[in-house]
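Enquirer: Take this structure first; my questions come after.
The values are calculated or read from the model by the stated rules, or taken from the named source; none is laboratory data. The shown structure was predicted, so the numbers you read here are calculated from the model rather than taken from an experiment. Positions of Cβ are generated from backbone atoms using ideal geometry, with glycine treated the same way; all protein chains shown enter the neighbour counts.
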Amino acid sequence: MQLPQLSLEYLRVAWSATISGVLVDPTNPLLSVQLAFPRSGAAPAAWYTASWEADGRGGWWARCLLGPGGAVTLVPGAYDVWVKVTMTPEIPARKSPEQLRIT
């Protein structure tokens, strides 16, 4: 993923989970989701509130508005993208396989 530093747009990360073989709908009941953008190779320190968007094929995107005026503004560089979902009693935090590059 590559975004210009001056752009304001949603960064979307694919998300899915199953419980007892059934696909989880994170909007019913609504599950809390957060994203983190640490420098590449670093551990997440700050988590930002995200929201859900249906992908139109039965899956979901966790999304966060990045850029000037968004939830977070990043300086040019390479970042890892982490997703954390509160699914009582579990709270999985996973690193996305894709890296974010701000130019």
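Enquirer: Which of the numbered conditions does Ala43 fail, given that it passes all the others? Conditions: (1) touching a residue at least 40 places away in the same chain (Cβ under 8 Å); (2) in a loop (DSSP other than H, G, I, E, B).
Expert: (1)
Enquirer: Identify, from the list Leu65, Leu74, the residue that is surrounded by 15 or more Cβ atoms within 10 Å (Cβ to Cβ) and either in a loop (DSSP other than H, G, I, E, B) or over 14 Å from the mean Cα position of the chain (by Cα) (or both).
Expert: Testing whether each residue is surrounded by 15 or more Cβ atoms within 10 Å (Cβ to Cβ) and either in a loop (DSSP other than H, G, I, E, B) or over 14 Å from the mean Cα position of the chain (by Cα) (or both) leaves just Leu74.
Enquirer: Let me ask something additional. From (1) at pLDDT below 95; (2) in contact with a Ser or Thr (Cβ under 6 Å, 6 or more places away or on another chain), pick out the condition that doesn't hold for Ile91.
Expert: (2)
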